[in-house]
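Chemist: To start, I am sharing the structure in question, which I have written as structure tokens.
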There are 2 protein chains.
Amino acid sequence: MKELSIGEVARQAGLTASALRYYERAGLLPAPPRRSRQRRYTEAVFGRISLIRLALEAGFTIGETRLFLTGFSEQTPPAARWRALAARKLEEVDALMDRARRMKSLLETSFQCRCPRLEDCEKFLRAAKRKPTEVLRCG
Amino acid sequence: MKELSIGEVARQAGLTASALRYYERAGLLPAPPRRSRQRRYTEAVFGRISLIRLALEAGFTIGETRLFLTGFSEQTPPAARWRALAARKLEEVDALMDRARRMKSLLETSFQCRCPRLEDCEKFLRAAKRKPTEVLRCG
DNA sequence: GCTTGACTTCAAGTGCACTTTAACTCGTAG
DNA sequence: CTACGAGTTAAAGTGCACTTGAAGTCAAGC
């Protein structure tokens, strides 16, 4: 199995070596074996990194992401904490998706809008509160 | 029209007075008239605050939110900047929604999963990469 | 007149997710 | 042997979105 330096991993994963070291210190990445003090990764690290990035980009904090990644397999108390986190995060992700949907609708609406001020646009304001992704036109 | 103190606005809007002052300094909220140096708001501020929160919670920075709110009505150069921002942000919001969707799918999948480690779960990993919201079961 | 509570400003502090810096160790190439 | 590039650490720095602290103002109630 091919061994990868931190630089190669960083380049392939599209982030920096310092971020990888930071993730390791933060307990998101397991400490890989060393070859004369230098970290040697296997390809397996990329799956882990994808999970980390996905969680972080979905609004998880470092601590939540760690629990998400590591608290899963452990015995009952961590697993229970994990389930609690997962349930809470499921709600948060739902809320995030809803806001993103509304923001998208807003951006689309305002793209076609010629009202003098955004807040004067009736349809825009309605779009700000509406859940469906339906598109409206101003004026 | 009823006049509101910063404390009342904060309480009703569900944020702090210091956040409202911060938004004002940052150019997100217009400076309201003062009654013996104290800010007096009208109900109209709540619409503006909703827009601000929506933008911020959808991942806009303070600067982007300001442009979103104020750069809209102004003459051609700001409006052009605004359109550029809106187009870019539309893509970002799409990406955010996609990640949120995938994270949701992941959370749902892992809720039913009994694999020893998350990364050992084939279906979980597939869920991490999949776009549709389809739900899978582990084991 | 004095206290109380909500407000004011300005400056400094906080937490997060990293990044940067300084000083160091290696293996390899010339 | 020296120089180079890529890696190492610990500690300090960064940018964002606010928050907190210190010191002061003001209207209302006792």
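The values are calculated or read from the model by the stated rules, or taken from the named source; none is laboratory data. Just so it is clear, the model here is predicted, and its values are computed rather than measured. Virtual Cβ from ideal backbone geometry, glycine too; neighbours counted across all protein chains shown. Side chains are part of the model used for accessible areas, which takes the heavy atoms of the whole protein and leaves out ligands, DNA and RNA. Shrake-Rupley method; radii C 1.70, N 1.55, O 1.52, S 1.80 Å.
Chemist: Shape of segment A:16-107 from its Cα gyration tensor (a ≥ b ≥ c, root eigenvalues): rounded if a/c is under 1.5, otherwise prolate when a/b > b/c, or oblate?
Modeler: Judged from the Cα gyration tensor, segment A:16-107 comes out oblate (a/c at least 1.5, b/c at or above a/b).
Chemist: Still on this structure, please answer the following. How many nanometers, to one decimal and shortest first, lie between the label point of B:A80 and those of its other copies, if labels sit 7 Å from Cα toward Cβ?
Modeler: 6.3
Chemist: In whole Å and largest first, what semi-axes does the C-alpha gyration tensor of segment A:1-60 yield when each eigenvalue is scaled by 5 and square-rooted?
Modeler: Result for segment A:1-60: semi-axes of 19, 12, 10 Å.
Chemist: Here's another thing I want to ask about it. Any idea what the B:A31 label distances to the other copies are, label 7 Å down the Cα→Cβ vector, nm, shortest first?
Modeler: The projected label point of B:A31 is separated from its counterparts by 5.5 nm.
Chemist: Across the residues of B:87-99, average count of Cβ atoms on other protein chains within 10 Å?
Modeler: 5
Chemist: Work out the charge dipole of segment B:1-59 with +1 on the Cβ of Lys and Arg and -1 on the Cβ of Asp and Glu about the Cα centre, then indicate which of B:Q12, B:L51, B:P30 is farthest towards its positive end.
Modeler: B:P30
Chemist: Related question: Counting only protein heavy atoms and a 1.4 Å probe, tell me what percentage of segment A:1-60's accessible area is made up of carbon and sulfur.
Modeler: About 49 percent, which is the carbon plus sulfur part of the accessible surface.
Chemist: Now a separate question. If you count only protein heavy atoms and use a 1.4 Å probe, how large is the accessible surface of B:T70, to the nearest 10 Å²?
Modeler: Per-residue accessible area (B:T70): approximately 40 Å².
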